[in-house]
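Novice: Would you mind keeping the following structure in view while I ask a few things?
The values are calculated or read from the model by the stated rules, or taken from the named source; none is laboratory data. Computed from a prediction, not measured in an experiment: that's the story for all the values here. Backbone-built Cβ (ideal geometry, glycine too); neighbour counts: all protein chains shown. Each accessible area value is taken on the protein alone, full model and side chains, heavy atoms only, with ligands, DNA and RNA left out. Shrake-Rupley method; radii C 1.70, N 1.55, O 1.52, S 1.80 Å.
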Amino acid sequence: MSLAEHASSRPSAKAASAAHRSWFERIPAGWWATIIVLLAMPLFANNFWLFQVMGWTFIMGMIAVSLTFLAGYGGMVSLLQMTVAGLAGYMVAILGPSGTTTISLGLSWWLVLPAAFIIAALFATLSGALAVRTEGIYTIMITLAIAAAFFYFSRQNYSIFNGYSGFNLVLPPQLFGVNWRDPVPFYYLCLGSAALCYGAVVYAARSPFGLALQGVRDNPRRMAALGFNVTAHRVAAHAFASIFASLGGILLVWQNAQIAPGTVGIPAAIDVLVVAVVGGMRRPLGAFVGAFIYVILQVFSPDVLGAFGFSAERFKLIIGIGFLAVVLFSPDGVLGLWDRWRARTARKVDPLTGAPR
């Protein structure tokens with residue numbers, strides 16, 4: 001066999017071997033290393049890193065992955081995801097037990113949690129039905145307007161949302177005799193929830209619904225001509241994305257043990273967009289990468305600024321500069337930079353021998 005024939009047979013042989021490998025073998029080694037590190041993190045990380053840094057990272061990642069699904073697979077940039085998350089958190093505080101006994105109903109968790117998901121999904125569906133009739137900057141503006149309206153309503157309404165004070169002592173239920181707000185249980189609760197959200201987005205993207213949604217994103221007129229209901233698919237995407245945002249919102253309330261109008265404010269809505277863009281909107285992993293970068297900057301930049309004699313209140317400036325740098329040099333986010341680095345490295349390696357050129 002000639003060298004050219006040998007080279008041409010290599011891709012088909014690789015494809016055949018990849019087709020016969022199990023799902024266990026198809027997971028890259030880097031993913032297995034990441035999984036092992038995340039599972040073993042309580043063995044070497046302190047409670048601050050488990051509860052505040054990693055817990056907040058997973059929560060922000062879940063809220064941002066709902067935006068990643070809408071924008072990356074549906075082409076709809078929405079600023080409503082933190083509002084949806086906050087509404088689910090408010091429902092947990094209003095329907096369940098809290099320190100504000102005059103308003104909270106104190107219902108059992110098995111009634112409160114489904115109700116929170118359903119109410120948040122209904123809100124996302126109705127808001128999505130309005131937003132999907134617009135495109136581009138108009139979608140961003142109408143979702144921003146709805147988010148602002150909910151923020152001011154929650155701050156001024158005292159009979160249901162308790163106004164500016166909000167709710168405190170909103171704690172997770174004591175299931176299986178475990179205090180789920182302790183650092184280690186809460187870390188694993190957030191890790192498991194984030195893994196489920198990531199897996200659900202990856203599965204949905206490859207399902208008939210996800211493929212149709214991507215077709216609607218790329219060419220809505222052609223999809224409509226093929227018989228697909230473009231509006232229904234877009235509204236359904238908003239309802240589906242609300243599940244991840246609601247789960248993140250509930251965990252955020254349990255982490256802080258309180259919720260107030262500031263949780264659903266305009267800065268919080270913008271932060272979700274920043275997280276998704278910095279990580280990369282085209283893949284769900286980007287939401288968690290961006291969340292980790294955002295949390296690290298949010299937690300440690302005040303200390304760094306203070307060490308150099310600057311005001312700690314300027315930490316938003318560092319986040320803004322990082323956001324502008326990513327948008328300017330890598331529209332695909334940090335994952336786009338990683339992909340380009342791997343592509344340059346691969347071009348320097350001989351495809352036949354695997355040795356550096």
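Novice: Quick check: with the 1.4 Å probe, what order do Y152, Y187 take by accessible area, largest first?
Specialist: Y152, Y187
Novice: How much of the accessible area of the range 71-137, in percent, comes from carbon and sulfur atoms when a 1.4 Å probe is used?
Specialist: It is 73 percent, rounded to a whole number.
Novice: Another question about this same structure. Just reorder M62, M223 by solvent-accessible area, largest first, 1.4 Å probe, all chains present.
Specialist: So, going from the largest accessible area down, we get M223, M62.
Novice: Order D271, D303, most accessible first, counting only protein heavy atoms with a 1.4 angstrom probe.
Specialist: Largest to smallest exposure gives the sequence D303, D271.
Novice: What Kirkwood Rh does the range 69-212 have if only Cα atoms enter the pairwise 1/r average? Answer in Å.
Specialist: 17.2
Novice: Using 0.36 nm per residue, how much length does the chain from F48 to I270 gain when fully extended, once their Cα-Cα distance is taken away?
Specialist: 77.4 nm
Novice: Right, here's the next one. Over the range 57-136, one equal point on each Cα, no solvent: what is log10 I(q)/I(0) by the Debye formula at q = 0.13, 0.14, 0.16, 0.23 Å⁻¹?
Specialist: Here the Debye-derived log intensity ratios amount to -0.48, -0.55, -0.67, -1.06.
Novice: Taking R0 as 51 Å, what FRET efficiency do you get between F308 and V202 from their Cβ-Cβ distance, rounded to the nearest 0.05?
Specialist: After rounding, the FRET efficiency stands at 0.75.
Novice: For S159 and L130, what is the calculated FRET efficiency with R₀ set at 30 Å and r taken between the beta-carbons, to the nearest 0.05? If you can, show how the numbers build up before the last one.
Specialist: Working: r = 26 Å, r/R0 = 0.86.
Efficiency for this residue pair is about 0.70.
Novice: Another question about this same structure. Which percent of the accessible area of the range 143-247 is formed by carbon and sulfur heavy atoms (probe 1.4 angstrom)?
Specialist: Of all accessible area on the range 143-247, carbon and sulfur atoms account for 63 percent.
Novice: Taking 0.36 nm per intervening residue step and subtracting the Cα-Cα distance, what contour gain separates V178 from D218 on full extension?
Specialist: Residue separation times 0.36 nm, minus the Cα-Cα distance, leaves 9.7 nm.
Novice: Something else about it: Rounded to the nearest 20 Debye, what is the dipole magnitude of the range 123-277 about its Cα centre when Lys and Arg each give +1 and Asp and Glu each give -1 at the C-beta?
Specialist: In total the dipole reaches around 380 debye.
Novice: With N residues in the range 183-229, what two-decimal value do you get for its Cα radius of gyration over 2.2 N^0.38 Å?
Specialist: 1.74
Novice: Follow-up question, since we're still on this one. Suppose the Debye formula is applied to equal point scatterers at every Cα of the chain; what is log10 I(q)/I(0) at q = 0.13 Å⁻¹?
Specialist: -1.11
Novice: Here's something else I'd like to know. Could you give the alpha-carbon Rg of the range 144-222 over 2.2 N^0.38 Å, rounded to two decimals?
Specialist: Normalised by 2.2 N^0.38 Å, the Cα Rg of the range 144-222 equals 1.72.
Novice: Assuming 0.36 nm per residue, please report the length gained on full extension of the stretch T34 to L169 beyond their Cα-Cα distance.
Specialist: Stretched fully, the T34-L169 segment lengthens by 45.2 nm.
Novice: If you don't mind, another one. Compute the distance in nm between two label points, each set 7 Å from the Cα along the Cα-to-Cβ direction, one at N229 and one at N256.
Specialist: Distance between the two pseudo-spin positions: 3.7 nm.
Novice: Rounded to the nearest 500, what is the 222 nm mean residue ellipticity of the chain from helices alone, with -39500 (n - 2.57) per DSSP H run of 4+ residues and division by all residues?
Specialist: Taking each H run of at least 4 residues, the total per residue is -22500 deg cm²/dmol.
Novice: Additional query: With the other protein chains left in place, how much accessible area per residue, in square angstrom, belongs to the chain at a 1.4 angstrom probe? Could you put the intermediate results ahead of the total?
Specialist: Numbers: 18580 Å² over 357 residues.
Ligands and nucleic acids excluded, the result is 52 Å² per residue.
Novice: Out of G99, A225, W109, whose Cα points farthest toward the positive end of the dipole of the chain (charges: +1 Lys, Arg; -1 Asp, Glu; placed on Cβ)?
Specialist: A225
Novice: Compute the Kirkwood hydrodynamic radius of the range 141-292, taking the inverse of the mean of 1/r over all pairs of distinct Cα atoms, and give it in Å to one decimal.
Specialist: Here the Kirkwood hydrodynamic radius works out to 17.9 Å.
Novice: Using only Cα atoms, what is the ratio of the radius of gyration of the range 229-324 to 2.2 N^0.38 Å?
Specialist: Taking N as the residue count of the range 229-324, the ratio is 1.29.
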